[in-house]
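Would you mind keeping the following structure in view while I ask a few things?
The values are calculated or read from the model by the stated rules, or taken from the named source; none is laboratory data. This structure is a prediction, so every number in the text was calculated from the model and none was measured. Every residue, glycine among them, receives a Cβ derived from its backbone with ideal geometry; neighbour counts consider all protein chains shown. Heads up: the accessible areas ignore ligands, DNA and RNA and are worked out on the full protein's heavy atoms, side chains in. Shrake-Rupley method; radii C 1.70, N 1.55, O 1.52, S 1.80 Å.
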Amino acid sequence: MSSVESSKLSTDDTLNLTTMSMEKKQTKEGIINEDFADLLRKNKLKVTQPRLRVLDIISEKTAALSQPDLEKIVGKDIDRVTLYRILGSFEEKGILHKVFDLNGTATYAICSTRCSAEHHHDQHIHFICSVCNSVYCLDEVSVPKISLPPSFTLHAIAINAVGLCDHCNSAE
């Protein structure tokens with residue numbers, strides 16, 4: 001096996017953060033840091049407390065989080081530059097994907113288990129609330145098949161649905 005092949009993560013090797021996040025909400029016991037530590041090791045990233053903390057915070061949320069929101073949550077525990085680097089490396093490795101809200105601010109959400117450093121499979125619909133500006137991944141909604149002319153190559157699909165989230169809808 002070549003070094004390139006050995007560095008690629010198969011679907012079986014990649015941890016399902018979405019499932020782990022759902023288990024966390026169901027059990028209310030939380031994800032032990034060892035699950036995230038395994039994910040970091042499998043992606044050839046050093047296991048550090050700031051990386052584990054960012055994964056824990058993002059996995060707890062139902063909506064994508066921006067770097068400024070993460071900065072507020074972590075306070076002085078993780079400085080801005082370190083947080084920026086963590087988010088960048090997680091996106092590069094296929095652990096997180098970036099979605100822009102209505103103001104153009106980048107928000108981050110957990111990728112699917114099919115994502116890797118070589119290819120993101122985050123082609124799903126994102127719902128953006130027009131009141132609170134929260135961004136939600138709608139993994140269960142199918143993206144329509146797009147037929148392109150023969151000379152075109154598709155690299156990514158970005159479909160945003162805009163409306164009121166359940167919280168803002170019930171507030172009206």
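Could you list, ordered by first residue, the pairs with Cβ atoms under 8 Å in which the first is in segment 26-44 and part of a helix (DSSP H, G or I) and the second is open to solvent by 30 Å² or more (accessible area, probe 1.4 Å) and modelled with pLDDT under 90, at least 6 apart or interchain?
Between residues of segment 26-44 that are part of a helix (DSSP H, G or I) and residues that are open to solvent by 30 Å² or more (accessible area, probe 1.4 Å) and modelled with pLDDT under 90, the close pairs are ASP35/LEU15; ASP38/LEU15; LEU39/LEU15; LYS42/LEU9; LYS42/ASP13; LYS42/LEU15.
For segment 121-172, how many residues are among the hydroxyl-bearing types (Ser, Thr, Tyr) and open to solvent by less than 60 Å² (accessible area, probe 1.4 Å)?
2
To continue, here is another question. Report the residue count in segment 56-114 for those that are outside any helix (DSSP H, G or I) and among the hydrophobic types (A, V, I, L, M, F, W, C). Outline the logic, then answer.
Filtering segment 56-114 down to residues outside any helix (DSSP H, G or I) leaves 61-66, 78-79, 94-114.
Now drop any that are not among the hydrophobic types (A, V, I, L, M, F, W, C), which leaves 63-65, 78, 95-96, 99-100, 102, 106, 109-111.
Matching residues across segment 56-114 total 13.
Which one of these does GLY94 not meet: (1) open to solvent by less than 50 Å² (accessible area, probe 1.4 Å); (2) at pLDDT 95 or above?
Result: GLY94 fails condition (2) only.
I would also like to ask the following. Can you spot a residue in segment 134-142 that is among the acidic types (Asp, Glu), farther than 22 Å from LEU40 by Cβ and modelled with pLDDT under 95?
yes
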